[in-house]
Amino acid sequence: MTAPPDDCLARNDWICGAYLTTRKQILLDAVVQHLQLTVAAVLIGLALALPLAVLARRWRWASGPVLAVTTILYTIPSLAMFSLLLPVYGLSASLVVAGLVLYSLTLLVRNILAGLRAVPEETRQAARGLGYGPVRLLLTVELPLALPAAMAGLRIATVSAVSLVTVGAIVGFGGLGNLIYAGMNTYFKAQVLTASVLCVVIAVVADVLLLGVQRLLTPWTRAARG
């Protein structure tokens, strides 16, 4: 009877320290790409969602179309979304980022708009009475008060982006998803598990960091709860 190999890589174990020590650079490169795609998509999504939400708040007739379009975009399956964007961006990282941006719009626009709508009308009237113009009112009153809802949407959008980046493996730009996809094709257990766990860790850390930023930016919410 042949003895089992001593190397966990040779045994193809799910948990294998040798995989971590021998694939450090591969894992690091995958994590960096995963973070780059996620951050780029969320920042661009936020830059687009903010004016859309403000537009929907200022002109009520625009609210329905804006929410309808962003909701429809969110219902498109990821594989179909990437296929639709392929003629525009080709097989590139931009393809993945563009898809993630479109998915993030629903979460960001809805939450920012909900935050803006939750600002008490008497607060707006008081600011106008003090001579605040539309831009100053938006920047110094409405947006700060809308921050809790907006940050909640940002947290959800970020965690969703971390998850959806892995789908980019179908075009070769999926960060840790590349390792998961390759590991599943070859039934490389340690690679699949390690990359999957790292995705979860990135999502949890990102959520905790954004929660910390939210608490720093909205100290009045802690006082209200107290």
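Given +1 at the Cβ of Lys and Arg, -1 at the Cβ of Asp and Glu and no other charges, the dipole of the chain around its Cα centre is 820 debye to the nearest 20. The share of accessible area on the chain that comes from carbon and sulfur is 70 percent, using a 1.4 angstrom probe. A simple packing score, the average count of other Cβ atoms within 10 Å per residue, orders the peptides 179-188, 33-42, 119-128 as 33-42, 179-188, 119-128, with the highest score first. Using 0.36 nm per residue and subtracting the Cα-Cα separation, the extra length available between residue 26 and residue 197 on full extension is 60.0 nm.
The largest-to-smallest principal axis extents of the Cα set in region 30-215 are 67, 36, 20 Å. For region 30-215, the solvent-accessible area of protein heavy atoms averages 48 Å² per residue (probe radius 1.4 Å; ligands and nucleic acids excluded). Between 145, 105, 28, the Gaussian network model of the chain with springs among Cα atoms under 10 angstrom shows the greatest mean-square fluctuation at 28.
Here is the list for region 40-76: chymotrypsin sites (Phe, Trp or Tyr not before Pro) lying in DSSP coil, each with at most 13 other C-beta atoms within 10 angstrom of its C-beta, are 59. Computed on region 30-215, with alpha-carbon pairs under 8 angstrom and 6+ residues apart, the relative contact order is 28 percent.
Lacking any other cysteine beta-carbon closer than 4.7 Å, the following Cys residues of the chain have no compatible partner: 199.
Projecting the Cα atoms of 205, 182, 159 onto the charge dipole of region 134-226 (Cβ charges, centred on the Cα centre) puts 205 farthest toward the positive pole. With a Förster radius of 22 Å applied to the beta-carbon distance between residue 71 and residue 92, the computed FRET efficiency rounds to 0.25.
The values are calculated or read from the model by the stated rules, or taken from the named source; none is laboratory data. On a predicted model such as this, the values are computed, not experimentally measured, just so you know. Don't worry about glycine lacking a Cβ; one is built from the backbone with ideal geometry, like all the others, and counts go over all protein chains shown. Ligands, DNA and RNA are excluded from the accessible area calculation, which covers all protein heavy atoms including side chains. Shrake-Rupley method; radii C 1.70, N 1.55, O 1.52, S 1.80 Å.
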